[in-house]
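Written below as structure tokens is the structure these notes are about.
The values are calculated or read from the model by the stated rules, or taken from the named source; none is laboratory data. What you are looking at is a predicted structure, and each value in this text was computed from that prediction instead of being measured. A quick note on method: Cβ atoms are made from the backbone with ideal geometry, for glycine too, and the neighbour counts reach across all protein chains shown. These area figures cover heavy atoms from the full protein model, side chains too; ligands, DNA and RNA do not enter into them. Shrake-Rupley method; radii C 1.70, N 1.55, O 1.52, S 1.80 Å.
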Amino acid sequence: IATNIEIKMNDSIERNFDVIIYESSSFGGCFEYSKRLHPAYQNHPKVRSSILMLPKNSRFRWSGVLNNLISDKIDSSKNWLKKLHFIYRNLFNPLLLFWFLLFRNSSIIILNDFEQLTAPIWVPLYKLFLGKHKFAVVLHDPDRDNYPPSKSYSEYCMGLMMGIMDLGLYHETLPNKKYYEKSQRTSYLSIPHGLYPKADNDDVVLSLLENLKADYTYLAILGNIREEKNYHLAIEALTLLPHYKLIIAGSPSNSSVLVDVFKQKIRQLGLEEKVIWIDKFLSDNELSSVICASDIILLNYARTFTSQSGVINLIAPYYKKFIYSNVPSGLSSIAKQFKLGLMVEPDNKDSLVQGIETINEMEVDRSAWDNYSAYASWENHVNYVLANIKV
């Protein structure tokens, strides 16, 4: 079992690692991940220095944080302007990292986020560093060939990028893709995700949710709003679950997510009183309040989902019940391995309804959550990487 694996480094070898973590977003799952990963590297006894590169508009302040990347938000509501700015960031942020690396000693470069669209431009430049730096990429979404502007171009970009990586890091499940098999220099390593600690509750939010609850059971879908989280299925399931309410808490992950479509569906089904929509990016305190108020967390992702879920690492300290889909993903792999949650069939309303009713009658296995928490620590994550990077 993974919880019993102990990573030991050869103490007879002096390993003073310099680490640079690249994160080009100031919000969302990858950003929150980088905020925990950076201190974990800083605190490791084998790491001499850790630098986290973030956009200029990021409000995260910590020792070793450089806010020198292009802002990922602009003051405009025009989608075409946002898309133009996205391309601008994709082009110039890798060049800013390139310039920064020119003057650094040999380091481990961890791409916690990466600019796939412009890989044909920046990858040839980074090849100049292959004798000096070691490159690792965190494949949060390991299925990268469905990205715009086309599948073939996306596959081409991924092939270029993986060609310079020394280490590909993933969470439990790595899809069988030719761009992962193609590179002769890249080794692949499954790593723990890392846990997010409890925050203090926002008393206003918690009190509001408790007052609205009455005799209902709360279901919740948390985090950035993405199509693959199956909001429409959960909304439809409410029509068969008279004693349940649904909390949807989060902001759209990008401008292509049409939140109004989901809200219109709620109105059409007459479910306005049974859906609580918190349409914003939640603070840690607000998110903690929503988790505390919720009874069952829905992680019943669509069939296309192949990743780990940051949400499971948010709810772990709260010992929450959750539903997950039977798809080949890092999330389902971990849930099965540690006997967490209840599995339902993907994209199946009847299976979801039955799963909700079943898990609501079940007791939480706190020991299973404890076993998972012992494995999924940031310290374990860093140990795995440093023990497997070839320097």
Problem set entry | Relative compactness, the stretch 169-254, computed as alpha-carbon Rg over 2.2 N^0.38 Å | 1.62
For this session: Could you run the Karplus curve 6.51 cos²θ - 1.76 cosθ + 1.60 with θ = phi - 60° over the stretch 168-180 and give me ³J(HN,Hα) per residue in whole Hz, x for Gly and Pro?
Result: x, 9, 9, 10, 6, 10, 10, x, 7, 10, 5, 6, 8
Seminar exercise, completed: Listed by chain and number, the residues whose amide H is under 5 Å from that of residue 187, excluding neighbours fewer than 5 places away on the same chain and using placed H, are 167, 168
For this session: Could you pull the accessible area for residue 107 with a 1.4 Å probe, rounded to 10 Å²?
Result: 10 Å²
Seminar exercise, completed: Note on the chain: contact order normalised by length, alpha-carbon pairs under 8 Å, 6 or more apart, percent, works out to 16 percent
Exercise. With every protein chain left in place, what is the accessible area per residue of the chain in square angstrom, probe 1.4 Å?
Worked result: 46 Å²
Problem set entry | Rounded accessible area of residue 198 (nearest 10 Å², 1.4 Å probe) | 120 Å²
Seminar exercise, completed: Under a Gaussian network model of the chain whose springs join Cα atoms within less than 10 Å, the largest fluctuation of 132, 321, 83 belongs to 83
Problem set entry | Overall form of the stretch 231-317 per C-alpha gyration tensor (a/c, 1.5; a/b vs b/c) | rounded
Exercise. When Lys and Arg each count +1 and Asp and Glu each count -1, what net charge do the other residues less than 10 Å away from residue 199, Cβ to Cβ, add up to?
Worked result: -3
Exercise. Among the listed pairs 56/82; 78/151; 263/349; 78/280; 229/349; 274/349, which are separated by more than 22 Å between their Cα atoms?
Worked result: 78/151
For this session: Would you rank 295, 143 by solvent-accessible area, highest first, keeping every protein chain in place and using a 1.4 Å probe?
Result: 295, 143
For this session: Kindly sort 157, 292 by accessible area of their heavy atoms, largest first, with the probe set to 1.4 Å.
Result: 292, 157
Seminar exercise, completed: Here the net charge surrounding residue 234, from other residues whose Cβ is less than 12 Å away from its Cβ (Lys, Arg +1; Asp, Glu -1), is +3
Exercise. How much net charge surrounds residue 243 when only the other residues with a Cβ under 12 Å from the Cβ of residue 243 are counted, with Lys and Arg +1 and Asp and Glu -1?
Worked result: 0
Exercise. What does the helix-only formula give at 222 nm for the chain: each DSSP H stretch with n ≥ 4 adding -39500 (n - 2.57), the total divided by the residues, and the result rounded to the nearest 500 deg cm²/dmol?
Worked result: -11500 deg cm²/dmol
Problem set entry | Percent accessible area from carbon and sulfur atoms, the chain, protein chains only, probe 1.4 Å | 51 percent
Problem set entry | Rg to Rh, two decimals, where the stretch 67-222 supplies the alpha carbon set and Rh follows Kirkwood | 1.08
Seminar exercise, completed: Amide H neighbours of residue 110 at under 5 Å, excluding residues fewer than 5 places away on the same chain, with H built from the backbone geometry, are 20, 21, 22, 136
